[in-house]
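The values are calculated or read from the model by the stated rules, or taken from the named source; none is laboratory data. Keep in mind that this is a model prediction, so the values were computed, not measured. No Cβ is skipped: glycine too gets one built from the backbone with ideal geometry, and neighbour counts run over all protein chains shown.
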Amino acid sequence: MEPTMTGPEHQSGQPDRERVPDDELDLTGVVDQPRTLRRVIRQAIIEAQGGNGIPPWGARVMARYLANQLSDRASALHHYAVTGRITPEAIMIELGGLLDTPQPAFTTDVIAHLAAYMRAADQRQRKQREAAYSDHMQALIAELGPAFAAFLTLSDINESGARDHFNKVFYGAYLTVEEIAEDVADGLDVLQRIEDAGLSDVASPDTDLLLELAARRWDIVHYDNHFYLFEK
């Protein structure tokens, strides 16, 4: 059952217009409610222990809590918290990015629960998509494997030329976003440049920046616990 919120979390000096009633939780991020978010998340985790997993309302509250940790106010986590529309691959990338830096135990636990929820949602979406594929496309998936199935989730895929298009744009598969960042760093000789500058003892590659560069070059699809990269 969706919880009833009690006790608005008023910050000192917070304007009345930015406060919410006692029984409301703001998922837009406008109102700062860290204690309320944590309390509701704990309720969702307790409910999940009944065997049905994190409820949808709990996943959105988790997304709001984690989106507040990001500097990007237009993140996939933010959009999911506000709209309820799931983009599993983008959210999984952001969750991986959060784990690049040490996090409190509570935050790490929230990331793990939301990642599990996103994987389940991704699988449901995948089954719905694949059930609608023609026999020809399902045969190609069986032949070319999960990379091709991931490719079919991209927009504007023409069935008649799908195989040739896939062969032209498929770049590679990775288990983690860290591996993607390492590939970008290798391609740009980042470590060598740092060493040439005499900064190897004090500097290291910026994973977030490397992933941003990756997203500019490739469409990144999270599918079957892998990240598949396709040239744009």
Near pairs, Cβ below 7 angstrom, 6+ apart or cross-chain, from segment 71-86 (within 15 Å of residue 97 (Cα to Cα)) to any residue that is polar (S, T, N, Q): 76/87
Which numbered condition residue 144 misses (of (1) touching a strand residue (DSSP E or B) at 6+ places or on another chain (Cβ under 8 Å); (2) modelled with pLDDT of 90 or more): (1)
Count - residues of segment 46-65 that are within 14 Å of residue 86 (Cβ to Cβ) and among the hydrophobic types (A, V, I, L, M, F, W, C): 5
Test: residue in segment 117-124 that is hydrophobic (A, V, I, L, M, F, W, C), outside any helix (DSSP H, G or I), surrounded by 13 or more Cβ atoms within 10 Å (Cβ to Cβ) and within 12 Å of the chain's Cα centre (by Cα): no
Test: residue in segment 163-184 that is in the same structural domain as residue 52 (by TED's automatic domain parsing), over 30 Å from residue 69 (Cα atoms) and more than 16 Å from the chain's Cα centre (by Cα): no
Residues of segment 133-159 that turn out to be assigned to a helix (DSSP H, G or I) and either charged (D, E, K, R) or touching a Ser or Thr at 6+ places or on another chain (Cβ under 8 Å) (or both), as a count: 3
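So that you can scan it fast, the table gives a plain yes or no per residue for (1) within 20 Å of residue 172 (Cα to Cα); (2) touching a residue at least 24 places away in the same chain (Cβ under 8 Å):
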| residue | (1), (2) |
| --- | --- |
| 93 | yes, yes |
| 98 | no, yes |
| 114 | no, yes |
| 123 | no, no |
| 137 | no, yes |
| 144 | yes, no |
| 147 | yes, yes |
| 151 | yes, yes |
| 158 | no, no |
Any hit, segment 32-49, residues being buried (at least 16 other Cβ atoms within 10 Å of the Cβ), assigned to a loop (DSSP other than H, G, I, E, B) and among the polar types (S, T, N, Q): yes
Index of the failed condition, residue 85 passing every other in (1) more than 24 Å from residue 226 (Cβ to Cβ); (2) not in a helix (DSSP H, G or I): (1)
Residue 177 modelled with pLDDT of 95 or more, within 17 Å of residue 222 (Cα to Cα) and surrounded by 12 or more Cβ atoms within 10 Å (Cβ to Cβ): no
